[in-house]
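A quick write-up on the structure given underneath.
The values are calculated or read from the model by the stated rules, or taken from the named source; none is laboratory data. These figures come from a predicted structure and were not determined experimentally. A quick note on method: Cβ atoms are made from the backbone with ideal geometry, for glycine too, and the neighbour counts reach across all protein chains shown.
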Amino acid sequence: MEWTSVLAIYLLIWVMTAFVMLPFGVKTHEEAGVPKVAGQADSAPVNFKPGRLVLRATISAIALTTLYVLNYINGWIGVDDVNFMAGLFGAE
């Protein structure tokens, strides 16, 4: 596998993990007991920390990309292993 392919897969996994992790650990002003600023949305976070999000997404993406590349090299899980519809329509 080319290094550019690994980089592209890493970036895709990084973006996905960052979006999945966005709502975790965030509280609204109502949950934290802090008064809101005038005109502020009710769902606005009070303690958003983008640095922590980037760090968690980076570590997760490194681990998931490593697992993906190792699976690609060693062939642990292939297409035949995840084809759950093979026997349903008579063609095997």
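Assess whether A86 counts as being in contact with a Phe, Trp or Tyr (Cβ under 8 Å, 6 or more places away or on another chain) and either part of a loop (DSSP other than H, G, I, E, B) or surrounded by 13 or more Cβ atoms within 10 Å (Cβ to Cβ) (or both). Taking the combined requirement at face value, the residue does not satisfy it. Across the range 1-39, what is the number of residues that are without any contact (Cβ under 8 Å) to a residue 40 or more places away in the chain and either in contact with a Cys (Cβ under 7 Å, 6 or more places away or on another chain) or assigned to a loop (DSSP other than H, G, I, E, B) (or both)? Residues flagged as without any contact (Cβ under 8 Å) to a residue 40 or more places away in the chain and either in contact with a Cys (Cβ under 7 Å, 6 or more places away or on another chain) or assigned to a loop (DSSP other than H, G, I, E, B) (or both) within the range 1-39 amount to 14.
Scan the range 50-62 for residues that are over 12 Å from the mean Cα position of the chain (by Cα) and either exposed (fewer than 12 other Cβ atoms within 10 Å of the Cβ) or hydroxyl-bearing (S, T, Y) (or both) and the total you get is 3.
For every residue, the table says whether it meets (1) surrounded by 14 or more Cβ atoms within 10 Å (Cβ to Cβ); (2) in contact with an Asp or Glu (Cβ under 9 Å, 6 or more places away or on another chain); (3) among the acidic types (D, E).
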site	(1), (2), (3)
M1	no, no, no
T4	no, no, no
Y10	yes, no, no
W14	yes, no, no
H29	yes, yes, no
K36	no, yes, no
A41	no, no, no
N47	no, no, no
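Residues in the range 63-78 that are within 22 Å of the chain's Cα centre (by Cα), in a helix (DSSP H, G or I) and free of Cβ contacts under 8 Å to residues at least 60 places away in the same chain: A63, L64, T65, T66, L67, Y68, L70, N71. With respect to S60, determine if the residue is in contact with a strand residue (DSSP E or B) (Cβ under 7 Å, 6 or more places away or on another chain) and closer than 30 Å to H29 by Cβ. So S60 does not fit the description; no.
Return a yes/no flag: does the range 30-51 have any residue that is at pLDDT 90 or above, under 30 Å from G78 (Cα atoms) and not aliphatic (A, V, I, L, M). No, because not a single residue in the range 30-51 is at pLDDT 90 or above, under 30 Å from G78 (Cα atoms) and not aliphatic (A, V, I, L, M). Here is a check on your reading of the model: is R56 basic (K, R), modelled with pLDDT of 90 or more and in contact with a Ser or Thr (Cβ under 9 Å, 6 or more places away or on another chain)? Yes. Total residues in the range 1-28 satisfying the condition of being of a type in the set (S, T, Y) and more than 12 Å from the chain's Cα centre (by Cα): the figure is 3.
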